[in-house]
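Here the structure comes first, spelled out in structure tokens, and everything after it is commentary.
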Amino acid sequence: MAIDVLHLGHGVGLRTSHYPRVLDGTASVDWFEAISENFMVPGGRPLTVLEHARALAPVVLHGVSLSLGSVDPLNESYLRELKTLIQRCEPSWVSDHLCWGSVGGHYAHDLLPLPFTEEALRHVVERARRVQDRLGRQILVENVSSYLTFSHSTMPEWEFLSALAERADCGILLDVNNVYVSSVNHGFDAAAYVRALRPARVGQIHLAGHSETDTRLIDTHDGPVVPAVWDLYRLAVRCFGPVSTLVEWDDHVPEWDVLCAEAELARAVETEVVGERRARSA
Amino acid sequence: MRALRDLQTAFLRSIATAPGPEASGSFDPALLRVVDGDARQAPGDRLDVYAQMYWMRLHTVLREDYPRVAAMLGDDLFSSVVRAYLTRFPSTHPSVRWVGARFADFLAQCRETAPWPLLPDLARLEWARLAIFDAADAPALRMEDVRAIPASEWPKVVLRPIPALLVLHSPWPIHECWADADGPAPRVRPAETHLRIWRQGDAVYQAPMDPCERRALEAVVSGATFAATCAALETLVGDPERAARDAAQLVLRWVEDEILVRVDARASDVTASREWIAVPVADPGETAKNGAVANSSSRQIRVRLRRLDDRPVRKGG
């Protein structure tokens, strides 16, 4: 079993500061990733922008509120709205996060960490299956940056994510920056994380910048990708081959050309690594 | 604390009870016992990252949704009010878009903001503008559509507002406060205010309505025929001919602002029997000139009076 998605190339997140370029048709890029919730609205400018983006390049939907790991019941009205949006914009795929975000109907609007236990795994697998049933399609699940771990976890995150993908038959959106941030925060081997994933499950890669404090890294998406994350991306391409890759930049969003240059860097890295692989296997 | 439900309940309660330096005082000790710590960071330090992000994120959202309220209150008071609001009304919607849905109602009950009695209505205006920004689209009635309606049809024409239109009433001139609210609280006197707020293209507009426009728009919103709208205005202005002319002028203004769609009534729905009808007639030259930026109500609007048999008659005849 595998995740069946296309290789779309190297894209960027659809963010408001670049809406004018999308509307005037000058936002040239391989593909866009749109935050689902920003477009789960009745009408107006967001949906106009989404239509224009679709006319320029393929679009995928990336959610932040599915709350796959929450003990709350799945939010059916959220799923209905998401399905409506999917029907409207026909994304190449749909993704969300390996996390929880609400309990008792109270939403934190954050990507909160799960303990990596068999109980949590069973729970997330069951919910991922139900979400896929409701949406009538496979989803990709992304690893999040985390700032704490639980002492009763019984497996590493990569084992949890791999098992989720196999048991729920979903894909993995591997956020290479999140792997790096969490590896520094918790002292694990980021390369071991990447090597542990089955290539056939990895449908997309995220790249982003982060911030550093005295004691930890924070996943802020407010700057360029750092060299250590580029190295990890190289390893990912070595392990998985070419995978659709997206640059996330959410705060202090730069000019369009700077953003696209980051996506072009990812393309260059991929081309270089794929070339090396071919040379080795020749 | 190992069970997922217990863990999530304790986690969210811990991070969402108090912001800033007070946050750690609310951390559940049983939760902290299952959070890993190390030499660099104790379990509480790690949990605190989530607590600080929770408050900062939602504070930022509310500041973006209510910039005028935030400016009027100033940083410290706004932060204090946001904290109280999020404690009283935690977010219950998956999308952060709805975090501020009850902010205006909360402000109406908030003791800290009592010195600003207009604040709840200013918040309602800011929220209404957000609602209009992404309200459903609908093809608006255009001037050529209006011209194509035969005069004999006008009594039974039903014009409905686009979804991206809201009417807001306040005892305060909140549109003036909205325009001025980048500084300290303006000295505002109460003034009965009726605003219509609408979207034209991607832009959100607002305009105060005089009693005639208010009465006519209420009729339109309620699904009245054009004849019934004229009748509603007649109760205000007394004179049927003037009511008809005013109604027609208003229709033209609303068409300029792109806030109308047409829904035809069945003939049996037309209950008002009227001798006079004012046919809205836009000057074709004006329409062509202003079509792209038809947001001004100052434009010259002509109205032709006709009897219902569609024969032209003398004005005021």
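Structure values in brief
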| read-out | value |
| --- | --- |
| Which numbered condition A:SER182 fails, given (1) within 14 Å of another protein chain (Cβ to nearest Cβ); (2) more than 29 Å from B:GLY37 (Cα to Cα) | (2) |
| Residue check, A:ASP250 within 17 Å of the chain's Cα centre (by Cα), at pLDDT below 95 and among the acidic types (Asp, Glu) | yes |
| Number of positions in the stretch B:154-165 that are part of a strand (DSSP E or B) and within 13 Å of chain A (Cβ to nearest Cβ) | 1 |
| Complete set of residues in the stretch B:29-40 that are more than 19 Å from A:LEU111 (Cβ to Cβ) and free of Cβ contacts under 8 Å to residues at least 24 places away in the same chain | B:PRO29, B:LEU32, B:GLY37, B:ASP38, B:ALA39, B:ARG40 |
| Considering residues of the stretch B:42-84 that are among the hydroxyl-bearing types (Ser, Thr, Tyr) and within 14 Å of chain A (Cβ to nearest Cβ) only, the residue farthest from B:ARG187 (Cα to Cα) | B:TYR50 |
| Matching residues in the stretch B:105-153 - criterion: being touching a strand residue (DSSP E or B) at 6+ places or on another chain (Cβ under 8 Å), small (Gly, Ala, Ser) and either assigned to a helix (DSSP H, G or I) or over 25 Å from A:SER65 (Cα atoms) (or both) | B:ALA128, B:ALA131, B:ALA138, B:ALA140, B:ALA151 |
| Pick from the stretch A:175-226, criterion crowded, with 22+ Cβ neighbours inside 10 Å and aromatic (Phe, Trp, Tyr), ranking: nearest to A:SER146 (Cα to Cα) | A:TYR180 |
| Output for the stretch A:115-147, where each listed residue is in a loop (DSSP other than H, G, I, E, B) and more than 8 Å from chain B (Cβ to nearest Cβ) | A:PHE116, A:GLY136, A:ARG137, A:GLN138, A:ILE139, A:ASN143, A:VAL144, A:SER145, A:SER146 |
| Boolean, A:GLY101 is more than 29 Å from B:LEU4 (Cα to Cα) and buried (at least 21 other Cβ atoms within 10 Å of the Cβ) | no |
| Odd one out for A:ILE86, checked against (1) in a helix (DSSP H, G or I); (2) within 12 Å of another protein chain (Cβ to nearest Cβ); (3) not small (Gly, Ala, Ser) | (2) |
| Residue in the stretch A:172-193 that is in contact (Cβ under 8 Å) with a residue 60 or more places away in the chain and under 20 Å from A:ARG122 (Cβ atoms) present | yes |
| Qualifying residue in the stretch A:187-198 (condition: closer than 26 Å to A:ASP133 by Cβ and either in contact with a strand residue (DSSP E or B) (Cβ under 8 Å, 6 or more places away or on another chain) or in a helix (DSSP H, G or I) (or both)) | yes |
| Residue in the stretch A:268-279 that is in contact with a strand residue (DSSP E or B) (Cβ under 6 Å, 6 or more places away or on another chain) and in contact (Cβ under 8 Å) with a residue 60 or more places away in the chain present | no |
| Total residues in the stretch A:10-44, condition surrounded by fewer than 20 Cβ atoms within 10 Å (Cβ to Cβ) and within 13 Å of the chain's Cα centre (by Cα) | 1 |
| Pair list, Cβ < 6 Å and 6+ apart or interchain, from the stretch B:199-222 residues that are within 18 Å of B:LEU125 (Cβ to Cβ) and away from chain A (no Cβ under 14 Å) to residues that are at pLDDT below 95 and not in a strand (DSSP E or B) | B:GLN206/B:HIS175; B:PRO208/B:HIS175 |
| Which listed residue, of A:VAL247, A:VAL273, is touching a helix residue (DSSP H, G or I) at 6+ places or on another chain (Cβ under 6 Å) and in a strand (DSSP E or B) | A:VAL247 |
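The values are calculated or read from the model by the stated rules, or taken from the named source; none is laboratory data. These numbers come from a predicted model, not from an experiment. A quick note on method: Cβ atoms are made from the backbone with ideal geometry, for glycine too, and the neighbour counts reach across all protein chains shown.
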